[in-house]
Amino acid sequence: MKFKGITDIFFDLDHTLWDFEKNSALTFRKIFEANGVAANVDDFLEHYVPINLKYWRLYREDKIAKEDLRYARLNETFKAINVKVKDGLVYKLADDYITHLSSFNNLFENTFEILDYLSKNYRLHIITNGFDEVQHKKMTNSNIVHYFETVTNSENAGVKKPNPIIFNYALNLANTRANTSVMIGDSYEADIIGAINIGMDVIHFDLNQTSINRDVIQIDNLIHIKQYL
């Protein structure tokens, strides 16, 4: 079944097109080595991934500031693995992480193929909760920026997904409507529920097939978007 009457497609960036976990792991290896951090990276990442998700949820709900997120997720992880790191170094690592994250640019399988395919018939856009100064670098360095006509991030819009304001901001920026648009993203709460609530069609990129809502279209490889668009 293919969607009808669609003119515009909105993608999330991290965890949907840009392989955040892989690129993040490579970044931590680089900055730990450069700063002489005596922590096992694999052990660190095992604890960091859920801690990072927790802090992003707090950030999305406006319960913490960007600077607090960057520091606290690292500090809590070091404590969880019993590695003592002085505050000054934690802050430096937080800065170094942002500086070097966009130097690694692994994309999910079939990203270029699906963007080439879709760009022939649709206008493509990005809606991301990621930080403004980082997201553009990620898109540029991974050679996908030219596919997208508009990029909306939470700092531009003043709110974060799933708040309807950011989706309406993105629709207005793209000069399009919800009922002719599709949102594709990995976060069921932020991307899928947020888009449904303003009347957009959705495709859930559920790489690990964790969603239990069978009423929503789910894919575990980007190439499967061809079945619907």
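The values are calculated or read from the model by the stated rules, or taken from the named source; none is laboratory data. None of the values given here were measured: they were computed from a predicted structure. FYI the Cβ positions are ideal-geometry reconstructions off the backbone, even for glycines, and counts take in every protein chain you see.
A compact table of results
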{"item": "Sole exception among (1) more than 24 Å from GLN135 (Cβ to Cβ); (2) at pLDDT 95 or above for TRP18, by number", "result": "(1)"}
{"item": "Some residue of region 220-229 being touching a residue at least 12 places away in the same chain (Cβ under 8 Å) and of a type in the set (Lys, Arg)", "result": "yes"}
{"item": "Selection within region 15-43 - polar (S, T, N, Q) and part of a loop (DSSP other than H, G, I, E, B)", "result": "THR16, ASN40"}
{"item": "Some residue of region 204-220 being within 20 Å of THR7 (Cβ to Cβ) and out of contact with any His (no Cβ under 7 Å at 6 or more places or on another chain)", "result": "no"}
{"item": "Positions within region 141-151 being of a type in the set (Ser, Thr, Tyr) and in contact with a His (Cβ under 9 Å, 6 or more places away or on another chain), in sequence order", "result": "THR150"}
{"item": "Residues that are surrounded by 18 or more Cβ atoms within 10 Å (Cβ to Cβ) and closer than 12 Å to LEU101 by Cβ, drawn from region 27-45", "result": "THR27, PHE28, ILE31"}
{"item": "Output for region 1-30, where each listed residue is without any contact (Cβ under 8 Å) to a residue 40 or more places away in the chain and within 12 Å of the chain's Cα centre (by Cα)", "result": "PHE20, GLU21"}
{"item": "Residue in region 89-101 that is under 29 Å from ASP220 (Cβ atoms) and touching a Leu at 6+ places or on another chain (Cβ under 7 Å) present", "result": "no"}
{"item": "Qualifying residue in region 24-37 (condition: β-branched (Val, Ile, Thr) and farther than 20 Å from GLU133 by Cα)", "result": "yes"}
{"item": "Lone qualifier among THR140, THR180 - being closer than 19 Å to PHE20 by Cα and modelled with pLDDT of 95 or more", "result": "THR140"}
{"item": "ASN172 being over 26 Å from ASP116 (Cβ atoms) and more than 16 Å from the chain's Cα centre (by Cα)", "result": "yes"}
{"item": "Test: ASP62 is in contact (Cβ under 8 Å) with a residue 60 or more places away in the chain and within 28 Å of ASP220 (Cβ to Cβ)", "result": "no"}
{"item": "Members of region 1-52 that are of a type in the set (Phe, Trp, Tyr) and within 11 Å of THR77 (Cβ to Cβ)", "result": "PHE28, PHE44, TYR48"}
